[in-house]
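Working notes, structure below.
The values are calculated or read from the model by the stated rules, or taken from the named source; none is laboratory data. Note that the structure is predicted; figures quoted are calculated from it, not measured. Positions of Cβ are generated from backbone atoms using ideal geometry, with glycine treated the same way; all protein chains shown enter the neighbour counts.
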Amino acid sequence: MSTIRLFCDLDGRIGLRSFWIGGAAVALTLFALQKIVPHLTTPQMARTIVAFASAFALFPWAALAAKRATDRGSSPLFGILLICAIVLPEHLRLYMPFGWRPSLEAIATIAWVIAFIDLGLMPSARQDEPAEPATVKLGSR
């Protein structure tokens, strides 16, 4: 699978290795941007660029999760919803009363645990089909 398809396509399947390598690549790219951009621009512009990059990184993570969920035998929507449940509560905290914050953190934590176990640790659900035995067809004329 090409790199573009890995990060931009919601169809297909990927194994554990591709899932972890792709996730690490997105995370390291975001980390590098957070460390490098403030030295290149003003603080306000750096915050804007990092916020845009973080929002843009949701799609590659969702694509990886969708493919991995498909490989696990689930719907691609399951992987996308897990990523949303991990990321969105942090952004909703600003708009919720203080009493809701622990609930939002609990939702994100539970989604992290489910994603880590189901997408990150469990083996593929696809069953390798046994090779069909060679058959000899008796010729008909």
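Pick from A46, A62: which is out of contact with any Phe, Trp or Tyr (no Cβ under 7 Å at 6 or more places or on another chain), surrounded by 15 or more Cβ atoms within 10 Å (Cβ to Cβ) and modelled with pLDDT of 95 or more?
Values: A46 fails: modelled with pLDDT of 95 or more.
On inspection, the qualifying residue turns out to be A62.
Applying the selection to the range 1-38, what residues are within 20 Å of L119 (Cα to Cα) and not in a helix (DSSP H, G or I)? Before you say what the answer is, go through the steps one by one.
First, pick out the residues of the range 1-38 that are within 20 Å of L119 (Cα to Cα): 1, 3, 5-28.
M1, D9, L10, D11, G12, R13, I14, G15 - these are the residues of the range 1-38 that are within 20 Å of L119 (Cα to Cα) and not in a helix (DSSP H, G or I).
Each residue in the range 39-78 was checked for being in a helix (DSSP H, G or I), free of Cβ contacts under 8 Å to residues at least 12 places away in the same chain, farther than 20 Å from E90 by Cα and not hydrophobic (A, V, I, L, M, F, W, C), and 3 pass. Selection within the range 12-38: residues that are of a type in the set (V, I, T) and without any contact (Cβ under 8 Å) to a residue 12 or more places away in the chain. The member of this set that is surrounded by the most Cβ atoms within 10 Å (Cβ to Cβ) is I21.
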